[in-house]
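These notes are about the structure you will find just below.
None of the figures in this text is laboratory data; all of them are computed from the coordinates on show. Everything numeric in this text was worked out from a predicted model, so none of it was measured. Cβ placement follows ideal geometry from the backbone for every residue including glycine, while neighbour counts extend to all protein chains displayed.
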Amino acid sequence: MKNVSVKVGKNNIGNHLPLTLISGPCVVESRQHAIDVVGKINEICSLLGINFIYKSSFDKANRTSIKSSRGIGLSKSLSIFSEIKKKFKCSVTTDVHEPDQCSKVAKVVDLLQIPAFLCRQTDLLVAAAKTKKPVNVKKGQFLSPGEIINVINKIKNNNKILLTERGYSFGYNNLISDMRSLAVMKKTGLPVIFDATHSVQQPGGNGLTSGGQREMVPVLARAAAAVGVSGFFMETHPNPEVALSDGPNMIPIHKMAEMLKALQDIDNITKQNGFLEDQLT
């Protein structure tokens, strides 16, 4: 199928186009923290010539423990997102968890994100599509890549869809990444994103919190770049050890430039050489 280009803010995203980065801290921790992080990522991406979409969650509804921090809430976060867009001239995305959140969030952000565990929730998908904003669906850890077509059919009236791979449940407290999944989802023609940080998450692995193997993020990201994807979802933090959510799988922000440059080099080579697999089916 012909590759589709989806416009998110000022960014054109497609499997045949230079890579896009969706990045930020897992959750909005404070206004100043968000401003500091987006400023640094924006600077890195500007220097490398990489399209950048800022991402943070206003509420982490899916936490391991009732005691876990969830975020600062919808109203305060939307105000921060609006400020970030004006200050840095970058696109913004966040995840929605309930249908009635979609229209409120769509007034501010450029891209609505559907969490992996909610990717089959019809009412949520339909509500997101009705906003006419682009929608990024994170494929559930329980879903085969071929089944993503059923998700697409629920929101195809929108036709501005991104698909994100974030790994598969494998035994207890573990995820694995099958690079064939990226190739299968690319057959839809829609832009495919690889979530490099959540793919190394160890759900519930620390008892009251999730664990992670951040040292494996560059490994999986390089492999995905060699497959040829439209971009990467990659959460980052100035000090992951004290992050309020998903610290074990986030990349320290001072390591982002080095990793992105390597991914950009692989991405360029992969897309220049073309895709032999398209001739073998």
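Apply 1/(1 + (r/R0)^6) to the Cβ-Cβ distance of residue 12 and residue 48, taking R0 = 25 Å, and write down the FRET efficiency to the nearest 0.05.
On the way: r = 17 Å, r/R0 = 0.68.
Result of the calculation: an efficiency of 0.90.
Principal axis extents for the range 154-259, Cα atoms only, whole Å, descending order, please.
40, 33, 25
Take residue 61, project a point 7 Å from its Cα along the Cβ direction, then tell me which residues of the range 74-105 have their backbone nitrogen under 15 Å from it.
74-75, 94-105
In the range 19-103, what trypsin sites (Lys or Arg not before Pro) fall in a loop by DSSP, with at most 14 other Cβ atoms inside 10 Å?
67, 89
What share of Cα pairs, in percent, lie more than 17 angstrom apart in the range 77-226? Display every interim value, and only then the final one.
Values: 7074 of 11175 pairs.
Across the range 77-226, Cα pairs with separations above 17 Å total 63 percent.
Of 85/255; 138/271; 40/89; 104/139; 10/139, which sit over 21 Å apart, Cα to Cα?
85/255; 138/271; 104/139; 10/139
Reachable aspartates and glutamates from residue 130, Cα under 17 Å, same-chain residues fewer than 8 places away excluded?
Residue 130 reaches 95, 98, 100, 110.
Give the Debye-formula value of log10 I(q)/I(0) at each listed q (0.10, 0.13, 0.23 Å⁻¹), with one equal scatterer per alpha carbon of the range 49-153, two decimals each.
-0.29, -0.50, -1.27
Once you place label points 7 Å from the Cα toward the Cβ at residue 261 and residue 31, how far apart are they in nm?
3.6 nm
List the relative contact order of the range 16-273 as a percent without decimals, with contacts defined as Cα pairs under 8 Å and 6+ residues apart. Display every interim value, and only then the final one.
Working: 525 pairs, mean separation 49.3, N = 258.
With pairs under 8 Å counted, the relative contact order is 19 percent.
Among 87/133; 76/261; 76/187; 87/186, which pairs are too far apart, with a Cα-Cα distance over 28 Å?
Values: 87/133 21 Å; 76/261 34 Å; 76/187 39 Å; 87/186 34 Å.
Where the Cα-Cα span goes over 28 Å, the pairs concerned are 76/261; 76/187; 87/186.
Within 10 Å, count the other beta carbons around each residue, average over each peptide in 176-186, 148-158, and list them highest first. Write out the running numbers ahead of the final one.
Details: 176-186: 18.5, 148-158: 16.2.
Ranking the peptides 176-186, 148-158 by packing returns 176-186, 148-158.
Evaluate the Kirkwood expression for the hydrodynamic radius of the range 16-273, namely the inverse of the mean inverse distance over all pairs of different C-alpha atoms, and round to one decimal in Å.
This gives a value of 18.1 Å.
Report the FRET efficiency, 1/(1 + (r/R0)^6), for residue 104 and residue 178, where r is their Cβ-Cβ distance and R0 is 30 Å, rounded to 0.05.
0.25
Note down the nm distance, to one decimal, between modelled labels 7 Å out along Cα→Cβ at residue 223 and at residue 157.
3.9 nm
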